[in-house]
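First comes the structure, then the notes that go with it.
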Amino acid sequence: MTGLNIEREILIEAPADVVWRIITEPEQMSLWFADRVDLVVEPGAHGYLSFGDQGGPVVIETVDPPTLFSFRWNHPRDEVPAAGNSMLVEFRLTPEGDQRTRLQVAERDVEHRDWAEEEKVRYADEHREGWGEFLDRLAGVVSAMSR
Amino acid sequence: MTVQVDDRLWSAIGDPSRRRVLDLVIGNERVSASWLADQVPFSRQAVSKHLGVLEGAGLVSRQRQGREVLYQVEIDRLDQATREMTELAVQWDRRLVAIKRLAEAAHARAIEEDNQRRNRDD
């Protein structure tokens, strides 16, 4: 994988439809996520998340209950979020029996669609490192340089 | 509680091609834009743009040396960026735990209500 990626997961003792509601209903989102959630959960909808006195716009990408919910955020303030300038947050729900759900969250940037195909391939070849490795390496560089 | 990595830092490091440029500056100490452009599969113009964003985020600084402008990494800012991003992963873990608690409580409530309804109906 070629980007800045965060991937985390957790096992929840509840059916997927219950987990889905917690993740996607704005009222519930304000209990685990932003302080204020102004959002209509529909593909393409623009919303706003407030974190205290900070916050930012989000754009919903995929709403596929009860398995996939994704949105983009963290784009530069004056730009419309799209591939290349924003992070994609994806929630994936996988039922494990009727009473248990595996929830995976990934926050990732995406490939540059405006690049020519050969540039993408070349770039991917040169830069396969994931987010975790990049961080580890940066931390190493920082401590080496601070010495 | 939420950790917000500041916008400029995030968009500076979030972009893979920009990270490639940053990598090259880190690995080679002081470098010029034209040297960088020779190392990457994108244009000189794109490199200049990336350097501008990195400089705006405080991750690199430039110095004029004779006729050349050379870029170098700002180590304190890089250290800060690294710490903030590690904290982001921790933040997602906290959110997942909160979702788990809410979902399990909602599920337990639904079962309880269901049982009460059944008892009433019996």
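The values are calculated or read from the model by the stated rules, or taken from the named source; none is laboratory data. Since the structure is predicted, the reported quantities are computational estimates derived from the model, not experimental observations. Here the Cβ positions follow ideal geometry from the backbone for every residue, glycine too, while neighbour counts run over all protein chains shown. Only protein heavy atoms, including side chains, enter the accessible area calculation; ligands, DNA and RNA are left aside. Shrake-Rupley method; radii C 1.70, N 1.55, O 1.52, S 1.80 Å.
List of remarks:
- Proximal charge balance of B:W35 [Cβ under 15 Å; K/R count +1, D/E count -1]: +1
- Of B:A106, B:A98, B:A33, the one that fluctuates the most in a GNM where chain B has Cα springs shorter than 10 Å: B:A106
- Residue-by-residue Karplus 3J(HN,Hα) for segment B:109-120, coefficients 6.51, -1.76, 1.60, Hz, glycine and proline x: 5, 4, 5, 4, 5, 5, 4, 4, 4, 5, 4, 5
- The mean count of C-beta atoms from other chains within 10 Å of the C-beta of residues in B:87-93, rounded to a whole number, is 5.
- Only protein atoms count toward the accessible area here, which uses a 1.4 Å probe; on segment A:52-96, the carbon and sulfur part of that area reaches 50 percent.
- Mean per-residue shielding of peptide A:39-48 is 0, counting Cβ atoms of other chains within 10 Å of each Cβ.
- Shielding score for A:6-14, defined as the mean number of other chain Cβ atoms within 10 Å: 6
- Taken across both chains, chains B and A shield about 4300 Å² of accessible surface from a 1.4 Å probe.
- Positions from segment B:9-44 whose accessible area shrinks by 50 Å² or more when the full protein complex is built, not the chain alone, probe 1.4 Å: B:W10, B:P16, B:R19, B:R20, B:D23, B:I26, B:P41
- Taking the Cα centre of segment B:50-112 as origin and assigning +1 to Lys and Arg Cβ atoms and -1 to Asp and Glu Cβ atoms, the resulting dipole is close to 120 debye.
- Residues of segment B:1-120: accessible area per residue with a 1.4 Å probe, Å²: 52
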